[in-house]
1. Work out the length of the dipole vector of the chain about its Cα centre, built from +1 on the beta-carbon of each Lys and Arg and -1 on the beta-carbon of each Asp and Glu, and round it to the nearest 20 debye.
2. If I build a Gaussian network model for the chain, linking alpha-carbon pairs within less than 10 angstrom, which residue out of I15, I50, I121 has the largest mean-square fluctuation?
3. Give the long-range amide H neighbours of K128: residues separated by 5 or more places, or on another chain, with amide H under 5 Å away, using H modelled in the peptide plane at 1.01 Å from N.
4. Please grab the % of Cα pairs in the stretch 57-137 that end up more than 16 Å from each other.
5. Mind scanning K87/K116; K36/K94; K58/K126 and naming the pairs with a C-alpha gap bigger than 24 Å?
6. Among N35, I51, C25, whose Cα lies farthest out toward the positive end of the dipole of the stretch 1-64, if unit charges sit on the beta carbon of Lys, Arg (+1) and Asp, Glu (-1)?
7. Please report the carbon-and-sulfur percent of the accessible area for the stretch 65-125; probe 1.4 Å, protein heavy atoms only, DNA, RNA and ligands left out.
8. Can you sort L46, L119, L33 by 1.4 Å-probe accessible area, starting with the largest?
Amino acid sequence: GMTKRTTRVVIDTNIWLSYMLGGFCFRYLQKILLNKHIVILISDKLKEEIIQIILSPKFLGRFSTRQIDDLHYILNYRTINVRVTSKVKICRDKNDDFLLALSKDGNADFLISGDKDILEIGFFHKVKIVSLKYFIE
């Protein structure tokens, strides 16, 4: 039969946080997680950043142990780890450059973000930078 090509995506920290906090992001990201044609790319740095924010004092007591365990599971088993070697200097906030480097080195089709500064870039190499809502639609 016809083989559907996979879509490779990088998902920004702010989307993972919104996912944890519930709301429409939860339903949308759930759709992505359940779609076997979508490959989610991650790097050690991105994984660290996601876990760091989830466990930060700001969200202390906000997430159950089960929610945190579920997130760990997703980040470890539903993603492909990319070794990032590219150096990128484009973002207004230089702390966001690693996302573009990950997207490039992982041959991502999309970088999904909720950050206006990142969304403004629009395109980077072959990577289309979009909101979660846009990606789902």
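The values are calculated or read from the model by the stated rules, or taken from the named source; none is laboratory data. Being a predicted model, the structure only gives us computed values, none of them experimental. Please note: Cβ atoms are built from the backbone with ideal geometry, for glycine as well, and neighbour counts cover all protein chains shown. The protein model used for the area step is the full one, side chains on, heavy atoms only, and it has no ligands, DNA or RNA in it. Shrake-Rupley method; radii C 1.70, N 1.55, O 1.52, S 1.80 Å.
1. On the way: 22 positive and 15 negative charges, 75 e Å.
It works out to roughly 360 debye.
2. I121
3. For K128, the qualifying residues are F110, L111.
4. Working: 1997 of 3240 pairs.
Roughly 62 percent, rounded to a whole number.
5. Working: K87/K116 22 Å; K36/K94 33 Å; K58/K126 36 Å.
Flagged as over cut-off: K36/K94; K58/K126.
6. N35
7. On the way: 1860 of 3830 Å².
Carbon with sulfur: 49 percent of the solvent-accessible area.
8. Working: L46 0, L119 50, L33 25 Å².
Highest to lowest solvent-accessible surface, that is L119, L33, L46.
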